[in-house]
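Take a look at the structure below.
The values are calculated or read from the model by the stated rules, or taken from the named source; none is laboratory data. In this text, all values refer to a predicted model and were calculated from it rather than measured experimentally. Reconstructed Cβ throughout: ideal geometry from the backbone, glycine too, with neighbour counts over all protein chains shown.
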Amino acid sequence: MTRPTPDSVVDPPATSPGPAAVTRKRGHARAAGLRTPRWVGWLFVAPALGVYAVFVLRPIALTVQYSMYRWDGIGPSTWAGLGNYARVFTDPDLYDSILNAVKLIVFFSVIPVVLGLMSASTIRRIAASRLALVGRTVLFLPQVIPLVAAGIAWSWLLSSAGLVNQLLTSVGLGGVARAWLGDFSTALPAVGVIGAWVLLGLCTILLLSGMSKIDPALYEAARMDGAGPLREFLSITVPSLRQEIGVCVTVTVIAALASFDIVYVSTQGGPGNATMVPGLEIYYLAFSERQVGIASALAVVLMVLVLVVALPIQWLTKDRSS
């Protein structure tokens with residue numbers, strides 16, 4: 001038998017790349033040659049940015065511009081510089097309206113968030129019963145009712161012959177009865193109670209949705225360690241709702257500082273200026289007294305105040321786990 005010579009040895013055929021490899025190479029080549037420019041992404045957000053610029057940024061810029069002038073909205077304007085801002089902080093009526101808005105934070109923010117935590121925790125414990133559904137519906141009902149209707153209804157309830165005074169008289173507390181929205185000492189707290197009633201349902205629903213994301217194993221472990229309901233609430237529920245509480249506080253604080261509709265319907269800023277708030281003061285200055293410059297300055301101060309209060313709340317409640 002003859003042995004094959006090196007020249008007679010046949011090389012094995014070269015393996016051809018499979019379809020997946022060919023497709024992958026073509027995809028890489030296409031991605032390298034047809035890379036989407038970065039500016040194309042801006043085309044998709046351009047319509048939203050245009051609407052935001054026209055309806056948000058432009059009015060803010062015009063408000064800042066008007067705040068530098070003395071203008072009645074019709075005739076010629078005169079340069080005022082920072083004089084309008086100086087008046088905002090030196091005029092007792094304007095300065096007191098800002099203080100009233102700050103006081104409303106207790107009623108619009110602190111009370112709804114605290115009561116919302118308690119209500120949401122209670123509803124979570126009885127989630128399987130019909131009472132939980134009724135509680136959620138009743139608490140959220142003020143969010144469905146128009147604020148104008150709510151303000152009118154509460155004005156009737158808190159009037160001299162309203163239901164609140166009738167109940168007080170029936171239980172022997174007739175001496176406490178008064179026109180709650182017409183008394184200088186009780187008008188602002190009465191408006192605050194209306195705001196707390198409106199915002200309680202929103203806070204409860206937001207916090208209840210946050211509680212649904214908490215792992216039930218945490219509560220089971222706490223019970224095994226002998227923790228009671230209060231310890232579970234303080235050690236598990238509240239820390240786990242950090243972001244939800246931040247949202248509730250931010251929304252309610254802004255509602256307190258920018259309050260207008262409830263105050264306008266229930267008291268119109270009275271008696272005197274006991275319930276005057278910046279939003280209502282801006283309305284009166286611009287459309288009744290024709291002092292557009294001062295109204296614009298107060299609006300700018302209010303906007304800055306909202307940012308100064310809201311941004312730290314967002315930073316403190318930000319989730320840093322990631």
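Looking at segment 127-144 only, could you name the residues that are outside any helix (DSSP H, G or I) and either among the basic types (Lys, Arg) or surrounded by 12 or more Cβ atoms within 10 Å (Cβ to Cβ) (or both)?
127
Under 7 Å by Cβ, and 6 or more places apart or on different chains, what pairs join a residue from segment 58-69 that is in a helix (DSSP H, G or I) with one that is crowded, with 17+ Cβ neighbours inside 10 Å?
Close Cβ pairs (under 7 Å, with a partner that is crowded, with 17+ Cβ neighbours inside 10 Å) amount to 63/296; 63/299; 63/300; 64/300; 66/292; 66/293; 66/296.
Among the residues of segment 48-66, write down those that are surrounded by fewer than 16 Cβ atoms within 10 Å (Cβ to Cβ) and either more than 27 Å from the chain's Cα centre (by Cα) or within 13 Å of residue 298 (Cα to Cα) (or both).
If the condition is that a residue be surrounded by fewer than 16 Cβ atoms within 10 Å (Cβ to Cβ) and either more than 27 Å from the chain's Cα centre (by Cα) or within 13 Å of residue 298 (Cα to Cα) (or both), then 60, 64, 65 are the ones that fit.
Quick one: which residue in 217, 221, 256 is outside any loop (DSSP other than H, G, I, E, B) and surrounded by 16 or more Cβ atoms within 10 Å (Cβ to Cβ)?
Among 217, 221, 256, only 256 is outside any loop (DSSP other than H, G, I, E, B) and surrounded by 16 or more Cβ atoms within 10 Å (Cβ to Cβ).
Which condition does residue 203 not pass, out of (1) assigned to a helix (DSSP H, G or I); (2) at pLDDT below 90; (3) in contact with a helix residue (DSSP H, G or I) (Cβ under 8 Å, 6 or more places away or on another chain); (4) not small (Gly, Ala, Ser), if it passes all the others?
(2)
Search segment 67-98 for residues being aliphatic (A, V, I, L, M) and surrounded by fewer than 14 Cβ atoms within 10 Å (Cβ to Cβ), and hand back the single one that is modelled with the lowest pLDDT.
74
Looking at segment 224-253, which of its residues are of a type in the set (A, V, I, L, M), surrounded by 16 or more Cβ atoms within 10 Å (Cβ to Cβ) and over 30 Å from residue 301 (Cβ atoms)?
227, 236, 241
Out of 201, 192, report the one residue that is more than 24 Å from residue 242 (Cα to Cα), surrounded by 19 or more Cβ atoms within 10 Å (Cβ to Cβ) and in contact (Cβ under 8 Å) with a residue 60 or more places away in the chain.
192
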